[in-house]
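A short write-up of the structure that comes next.
The values are calculated or read from the model by the stated rules, or taken from the named source; none is laboratory data. All figures in this text were calculated on a predicted structure; none of them were measured in a lab. As a convention, Cβ positions derive from the backbone with ideal geometry for all residues, glycine included, and neighbour counts pool all protein chains shown.
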Amino acid sequence: MKLRVGTRGSRLALAQAREVADAITASGVETELVTITTSGDRGADPASDPAGVKGLFVTEIVRALIDGEVDLAVHSAKDLPADDPEDVVIAAVPERASALDVLVTRDGDLRPGARVGTSSIRRRAQVFRLRPDVIVEDLRGNVDTRLRKLRDGEVDALVLAAAGLLRLGVVPVHAAPMSVSEMVPAPGQGCLAVQARLSDGATIEVLSALDHTASRMSLEAERGLMARLGGGCALPLGALAEPIPGGVKLIAIALSPDGSRIVRTQVDGATPEEVAELAALDLSAGGADEILGLVRP
């Protein structure tokens, strides 16, 4: 048995795919990485994909999985739309890396008027709330590209996912983890989602050994919230769940793109579905539907 692993070709995506492939190989099953170029890699407009920004980096890979060109697909879970295609299942959620964001500065300081680079509406809004005295600039590209632009002085600071830096083995000199009180991460941040065809019982059985129960519960709660609030596109929505005795805790936040309006909640429940529903009701009662409506397509 040899399993073909579908992945994007970026350095981070390949590192993630190798992490999964190595775990499969350790169980005695041979693997092969299959690199797939997505529309997001080609710089396509988010409006060109029905799933918006999230679809740009997953649609072609999922299509290759459904068409049988690969046997499984590895994604950053935060890139996935809230709903899975009918014929596809998340067969494994390996143990989550850090879900936190990291503030990376060029010289260890973030002075008034500093330029902070990010392409994320969620990060932009929270930076505005945390430091209204800085300038947030749109900055795209992979981790290496962003760090190079920081070194070259195009911006004075970056907000990056800790998990991405960890998986790449990159340790910037001036990097400070941001607490959840400062920056609520994106739903699924730090998680990998390994998809397989629903009909492929053999592959699903192999992948079941990689599944980490606590990480899956957290991801299901965060994706459940995203689905209830219209999670097909990139929204200024943060969510972080973790198992607690007897259930799950979920912290969630919705912000206007300029950070001027904010709704925040923390709920506990017995199941991921329950906390997702409770958090969605809380956020909606606080005006989240109107706030998120500002950026929905």
Number of positions in segment 116-147 that are within 30 Å of Gly9 (Cβ to Cβ), among the basic types (Lys, Arg) and surrounded by 15 or more Cβ atoms within 10 Å (Cβ to Cβ): 4
Top-ranked residue in segment 1-28 [being loosely packed, with under 15 Cβ neighbours inside 10 Å and free of Cβ contacts under 8 Å to residues at least 60 places away in the same chain; ranked as nearest to Gln189 (Cα to Cα)]: Gly9
Helices (runs of 4 or more DSSP H) within segment 148-263 that include 1 or more residues of a type in the set (Val, Ile, Thr) and surrounded by 15 or more Cβ atoms within 10 Å (Cβ to Cβ): 201-207
Residue in segment 143-162 that is modelled with pLDDT of 95 or more and within 17 Å of Glu19 (Cα to Cα) present: yes
Criterion: crowded, with 20+ Cβ neighbours inside 10 Å, at pLDDT below 95, in the same structural domain as Val206 (by TED's automatic domain parsing) and closer than 29 Å to Glu205 by Cβ - qualifying residue of Asp49, Asp79, Asp84, Asp71: Asp79
Near pairs, Cβ below 7 angstrom, 6+ apart or cross-chain, from segment 72-83 (over 15 Å from Pro94 (Cα atoms)) to any residue that is modelled with pLDDT under 95 and assigned to a loop (DSSP other than H, G, I, E, B): Asp79/Phe57; Asp79/Val58; Leu80/Val58; Pro81/Ala51; Pro81/Gly231; Pro81/Gly232; Ala82/Gly231; Ala82/Gly232
From Ala202, Ala285, residue being at pLDDT 95 or above, more than 19 Å from the chain's Cα centre (by Cα) and assigned by TED's automatic domain parsing to the domain that holds Asp83: Ala202
Segment 104-120, residues that are in contact with a helix residue (DSSP H, G or I) (Cβ under 9 Å, 6 or more places away or on another chain) and not small (Gly, Ala, Ser): Val104, Thr105, Arg106, Val116, Thr118
Residues (in contact with a His (Cβ under 8 Å, 6 or more places away or on another chain) and under 16 Å from Asp79 (Cβ atoms)) located in segment 93-147: Val93, Pro94, Arg96
Pick from segment 264-297, criterion assigned to a strand (DSSP E or B) and of a type in the set (D, E, K, R), ranking: surrounded by the fewest Cβ atoms within 10 Å (Cβ to Cβ): Asp268
Residues (more than 26 Å from Leu240 (Cβ to Cβ) and part of a helix (DSSP H, G or I)) located in segment 104-145: Asp144, Thr145
Output for segment 69-96, where each listed residue is over 20 Å from the mean Cα position of the chain (by Cα) and closer than 18 Å to Ala21 by Cα: Glu69, Val70, Asp71
Within segment 162-212, tally of residues that are in contact with a strand residue (DSSP E or B) (Cβ under 6 Å, 6 or more places away or on another chain) and either without any contact (Cβ under 8 Å) to a residue 40 or more places away in the chain or among the acidic types (Asp, Glu) (or both): 1
